[in-house]
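Please treat every number below as a calculation from the coordinates, not as lab data. This structure is a prediction, so every number in the text was calculated from the model and none was measured. FYI the Cβ positions are ideal-geometry reconstructions off the backbone, even for glycines, and counts take in every protein chain you see.
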Amino acid sequence: MLPWIYGFNWNAGHIVFLGAFYAVLAALVATLAKAAIRSRRDLRAGQVEAIRWHSDFEGMPACDQVCRHVLTGEFRERQCPHAFDCRECETHAKLIECHPLPPVTEPEEDVFGMAFPLDRFYHRGHAWARPEKDGTVLVGLDELGARLLGQPDELRLPKPGDRVHANGAAFHARRRNAEVRVVSPIDGEVVETGSADRGWYLRVKPTSNDAKTFQHLLRGAEIKPWIQREMERLQLALTAEGAAPALADGGVPVSDIAAAYPAADWDAVCGEMFLEG
Amino acid sequence: MVSVDKEFITRGLRRSSTGRFLLWILPWAALLVFGLYCAGLCLVKGLNQTNMDNRFAFGLWIFLDLTVIALGAGAFFTGFLLYILKIDEMRSVINSAVVIGLVCYSGAVTALMVDVGQPLRSWFTFWYPNVHSMLTEVTFCISCYLTVLLIEYLPIVLRNRKLRDVPSFLVFEHELHKLVYVLAGVGTFLSFFHQGSLGGLYGVLRGRPFAFREGLAVWPTTFFLFILSAAAVGPSFILLTTWAVEKLSRKRLVRPAVFRRLARISGLLLAVYVLAKALDTLVWINRTSPGTGFQAWQYYSWQPFGTWILVAEIVLFGLLPALVMLTPRLRAHTGWLVSAAAMACCGVALNRFVMTVQTLALPTLSFDPYLSYFPSWQEIGTFLAVVAYGVLVYSFSFRYFNLFPEERELRLEAAAREEEEELALAGRY
C-alpha cells in the first residue's frame, strides 16, 4: 500500500498505519544491509578465522569455557569472557602482576605418563608454540593431542608463505571420521612445514615478538592442572560417546587413543578436545 | 548418501540413522503430497471443493490459522524475553521457538492462500488494500512477521556444520546474529498488532452479536484478549513441543529449570488472561449482548454449543492450567507441567474455534436457521498438509541444525553422573 494507491487519504490514521509499516520494512532492510556490509568488511579484513573461533567458543559448554585462573585455583569459578584470548583480559594482566608464576625448575612436566616440556607455551586447543633463537616459532601438537589423533589418516598443512592467525586454523588432520582443525597458538607467516617425526608441524615467523605474543598461552605451573582437567574432559567425552573408558585407576593414556576406542564417535571426541564446534 | 547426511549433522549431537529418519519422514511426506493434491483441487476448481458457503465463510482453515498463529506466538514472546528482557534461560529454546514460529506462520499463510484463492494475485492485497479492514493490518503484519522469522531462521541454517565452512556464510551469520535484537523488537511489535487485529476482526462484527464486543477506542476487547492469550500459550507450546521432541528423540534437550521458567511465565499470563476473559464475559452477558437484543443464554441453547463450552474454555483450559503452572509443587512435576501446558494450548484452540465456527453457526436473525458445518475431505487434506509440513520442517531442522544449544552439554553432564555412579558402585564392592 502506497500513498498514491486506491483508498489512501492524508489523514492521521492512514499516515500512522503506513508510517509503522514503512518503519518496519525499513528496519528489516537496514538490518540485512548492515549485516551484509559488516560481513563484507570482515571478509576483506581477513576476520574469518577470528569469527570462526568466536563461534566455536560460543558453542562450547559453559564448563569448558573456564578461565585459566580457575585451573590454577585462583578463582573458584569464572567463565572466560574473551574466548581464551588473555591478551585482551585486564583481570589476567592484574593477576599475573600480583601472582607471577613460579620459575620453572624441571625441564618437563609429566602428567599421566605424558611429557609436556616446559620450554614452550600451550594453547588450550592442544597446540604448542616454542620460540626459537632465530626469531621463528615452532608450532606442534602436544602429547595429549598427538595421542588423540594417533597416526592421522590425512594431514593438511599450510604452504610456506601462508598466514596463520592465533585461534585460527594452523593445520588440519583427519583420523577415522574426525576432521580436526588444530588451532594456531600465534599470528604469523608460515616459513617451513614439518611433520610428526620432526616433532613439530609449522615454523612460523610471528607477526610480533613482544611479550603479548604468548600472553594468552599456558605455561609452567599452569600445565599440570590444565592437563588433569583435560583428562577429566576426555574421560567424560568418551563416556558420552559410549566408549565406556576404564575407571580412573592410575593408568596412562595409550599412544593411539582413537584405535583403542573403535566404537566411539571420534569426531565428537576430537571436537570436544580440540575445541571445535 | 549416508556419509553425506552425517556430515551435515552438528558435531557431538546424536541423531537417528539415515534409514530411520527416512522412515519417520515418509508418512509425513505422503500426507503432505495428499494435502497438496487437496489444496490443488481447491485452487484449480475453486472453493466449491469445500463445505463452506456464503453464510459459513470461515471454516477449518481459518480455525487452523488462528490457532497456529496463537501457538506460534512463542517465537516472538521467547525472543522478547531473551533479547529485550534479557532472560538468559530462554537461550536454550530460542532456536526451537523460531522454527516453531516459522512453521506456524508459513503454514497459516499457505492455508490462507488456498482459502483466499488466486495466489498469483496475492500481491493485490498490498497494492489495492482495503484500508478500512482489520484484515489488511493482519495481512501486512503476518507477511512482515513471516519475513522477520525467515531472517531469524537464516542464522540457524547458516550455523549448520557444513554451511559454516563457507566463509561468507559464517561471517554473515555472525553479523546477522549480532543484530538479532532488532528483529526481536520488530517481531514483538508486529506480533502484538496482528494477534490483536485477528481478535479485533471478530469483535467489530456488529452483525454477529455473539462475537461483538465493546472496547477501548477503535479496539474491541477481543483485540487485547487475543494478544494476551497468544502470549500466554506461546511459552506453553514451546514447553510442550520441547517435551515431545525430548520423548521422541529420547534425549534431554533443556534443563528442568527452563521448563519451570516457561511454565511460570505462561501460568502468570494465563491467569491474567483468565481474569480478563472472565470480566469480558460478564460485561458481555450483562451489557453488550442484551444491548444487541439477545440474552446471552440464547446463544447456548443451540446444541452442541451449550454453556459447557464456556466453562471448558475459561475454567478447564484456562484457570486450571494457570493454577497448576503457578503452583511451585505441581510445577516441579513434569507430568503436571506438561498436562497444564497441553491444556493451555487446547484452551486457545477452543477459543479460536468458538470465535470462528460457533460465531458463524449461530443464527443472527429470528428466521435464520442454526447452521452446521463439517469440513470436506479436501479441507481436511489441506489442514493435514499444513501439519505434515510443520512436522517435516521441524524434523529436518532438528536433525541438521542445533536447535537446542545445551543438548551436548546435558549429554556430557549425564555422562559425568553415570561415571560418578559407576565409581560409587566400584567403591561399594
Simple spin-label estimate for B:Ala332/B:Val166, 7 Å along Cα→Cβ, in nm, reads 5.0
At 0.36 nm per residue, and after removing the present C-alpha to C-alpha distance, how many nm does the segment from A:Asn11 to A:Asp256 gain when stretched out fully? 80.5 nm
Taking the Cβ of B:Ser266 as the centre, find all other residues whose Cβ is under 14 Å away and add up their charges (Lys, Arg: +1; Asp, Glu: -1). +3
Taking a crude spin-label model, label points 7 Å out from Cα along the C-beta direction, the B:Ser366 to B:Phe34 distance in nm is 4.8
Note, region A:270-277: 3J(HN,Hα) by Karplus (6.51, -1.76, 1.60, θ = phi - 60°), whole Hz, Gly/Pro = x, goes 5, x, 5, 7, 9, 6, 10, x
Please list A:45-51, B:108-114 highest first by mean number of surrounding beta-carbon atoms within 10 Å per residue. B:108-114, A:45-51
Determine the relative contact order of region A:148-194: mean sequence separation of Cα pairs under 8 Å and six or more apart, normalised by residue count, in whole percent. 42
For peptide A:50-62, how many partner chain Cβ atoms fall within 10 Å of a residue's Cβ, on average? 4
Residue-wise, which Karplus ³J(HN,Hα) couplings in Hz belong to region B:198-210, taking 6.51 cos²θ - 1.76 cosθ + 1.60, θ = phi - 60°, and x for glycine or proline? 4, x, x, 5, 7, x, 8, 6, 4, x, 10, x, 5
Dipole-positive endmost among B:Val148, A:Ala263, A:Val183 within the protein assembly as shown (Cβ charges, Cα centre): B:Val148
Zone of B:Phe21's modelled label, taken as backbone nitrogen in region B:78-100 under 14 Å from a point 7 Å along Cα→Cβ: none
Sum up the charges of everything whose Cβ sits under 10 Å from the Cβ of B:Leu176, counting Lys and Arg as +1 and Asp and Glu as -1, but leave B:Leu176 out. 0
13 Å beta-carbon shell around B:Leu158, net charge (K/R +1, D/E -1): +1
For region B:1-77 and region A:138-154, what is the centre-to-centre distance using only Cα atoms, to the nearest Å? 47
According to a simple spin-label model (label point 7 Å from Cα along Cα-to-Cβ), what is the distance in nm between A:Glu189 and B:Val272? 6.2
Could you order peptides B:337-347, B:12-22 by the average number of other Cβ atoms within 10 Å of their residues, highest first? B:337-347, B:12-22
Among the listed pairs A:Lys34/B:Lys86; B:Lys86/B:Lys251; B:Lys6/B:Lys162; A:Lys94/A:Lys212; A:Lys159/A:Lys212; A:Lys34/B:Lys178, which have their C-alpha atoms separated by more than 19 angstrom in this model? A:Lys34/B:Lys86; B:Lys86/B:Lys251; A:Lys159/A:Lys212
When the Karplus curve 6.51 cos²θ - 1.76 cosθ + 1.60 is applied with θ = phi - 60°, which whole-Hz ³J(HN,Hα) does each residue of region B:391-400 get, with x for Gly and Pro? 5, 5, 4, 5, 4, 5, 5, 5, 6, 9
Projected area averaged over all directions for the convex hull of the alpha carbon atoms of region A:48-273, nm², comes out at 12.3
Proximal aspartates and glutamates to B:Lys247, defined as alpha-carbon separation beneath 17 angstrom and excluding residues fewer than eight positions away on the same chain: B:Glu406, B:Glu407
Helix B:334-353 versus the longest principal axis of chain B: what angle, 0 to 90°, nearest 10, using Cα atoms? 30
Across peptide A:16-27, what mean number of C-beta atoms from other chains lies inside 10 Å of a residue's C-beta? 4
Which whole number gives the average, over all residues in A:33-44, of C-beta atoms from other chains lying within 10 Å of the residue C-beta? 5
Quick calc, region B:1-109, dipole around Cα centre from Cβ unit charges on Lys, Arg (+) and Asp, Glu (-), nearest 20 debye, gives 280
Compute the angle between helix B:134-158 and the longest alpha-carbon principal axis of chain B, please, reported from 0 to 90 degrees and rounded to the nearest 10. 10
Magnitude of the Cβ-charge dipole (Lys and Arg +1, Asp and Glu -1) of region A:155-277 about the Cα centre, nearest 20 debye, reported as 400
Taking Cα atoms only, helix A:223-240 is inclined relative to the longest principal axis of chain A by an angle, in degrees rounded to 10, of 70
Go through A:146-154, B:353-361 and give me the packing order, highest mean Cβ count within 10 Å leading. B:353-361, A:146-154
Looking at region B:60-135, which trypsin sites (Lys or Arg not before Pro) are in a loop (DSSP not H, G, I, E or B) and have at most 11 other Cβ atoms within 10 Å? B:Lys86
Compute the label zone of A:Ile96 within region A:177-212: residues whose backbone N is under 16 Å from the point 7 Å along Cα-to-Cβ. A:185-187, A:208-212
